[in-house]
1. Please find, in a Gaussian network model of the chain (springs between Cα atoms separated by less than 10 Å), the residue of GLN62, GLN32, GLN70 whose mean-square fluctuation is greatest.
2. Take the chain, mark every one of the GluC sites (Glu not before Pro) that falls in a DSSP loop and has at most 16 other Cβ within 10 Å, then report the longest stretch left between them, sites excluded.
3. Count the net charge of all other residues whose Cβ sits under 15 Å from the Cβ of LEU43, scoring Lys and Arg as +1 and Asp and Glu as -1.
4. Residue separation times 0.36 nm, minus the C-alpha to C-alpha distance between LEU11 and GLU36: what's the value?
5. What translational diffusion coefficient, in µm²/s and rounded to a whole number, does the Stokes-Einstein relation yield for the chain at 25 °C and a viscosity of 0.890 mPa s, taking the hydrodynamic radius as the Kirkwood radius over Cα pairs?
6. Could you give the spread of the C-alpha atoms of segment 1-48 along their three principal axes, from largest to smallest, in whole angstroms?
7. Based solely on its DSSP helices, what 222 nm [θ] is calculated for the chain when runs of n ≥ 4 H residues each add -39,500 (n - 2.57) and the sum is averaged over all residues, nearest 500 deg cm²/dmol?
8. Amide H to amide H under 5 Å from ILE84: which residues, 5+ apart in sequence or cross-chain, H placed 1.01 Å off N in plane?
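Computed from the coordinates by the stated procedures, all read-outs in this text should not be read as laboratory data. Nothing here was measured: the structure is a model prediction, and the numbers come from that model. Using ideal geometry, Cβ is built from the backbone for each residue, glycine included, and neighbour counts are taken over all protein chains shown.
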Amino acid sequence: MLFHVKMIVRLPPDMDPARADKLKADEKALAQRLMEEGKWRHLWRIAGEYANFSVFDVGSVQELHDTLTQLPLFPYMDIEVKAICRHPSSIRQDDR
Ligand SMILES: O=C(O)CC1=CCC(=O)O1
């Protein structure tokens, strides 16, 4: 199942910089592991914002929920989810 996910990161301005750096490093490590596993298919920075558009490919809504809530930055993100599916006009063979 494919999901389009928008994540807006809202770290508190007074957060200890070392704590923020650790959260970002842990987020990156988990994101890259999920990408290697094929579960986090796309990760795009939204230009001019501390936010991203992502596409997740997971087995269920529950798996998506569990994945998102385990992200280190989850407590500091606003997240919007939309279910998506293949467009009949797409020429991308890996769209499913
Ligand atoms: O910077 C972001 O948009 C949040 C994030 C998601 C994966 C990652 O490494 O950072």
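1. GLN62
2. 50-96
3. Numbers: positive: LYS6, LYS24, LYS28, ARG33, LYS39, ARG41, ARG45; negative: GLU27, GLU36, GLU37, GLU49, ASP57.
Summing Lys/Arg as +1 and Asp/Glu as -1 gives +2.
4. Numbers: separation 25, 0.36 × 25 = 9.00 nm, distance 2.65 nm.
Between LEU11 and GLU36, full extension yields 6.4 nm more.
5. Reported coefficient: 171 µm²/s.
6. Here the spans come out as 38, 22, 17 Å, largest first.
7. For the chain, the value works out to -10000 deg cm²/dmol.
8. LEU2, PHE3, HIS4
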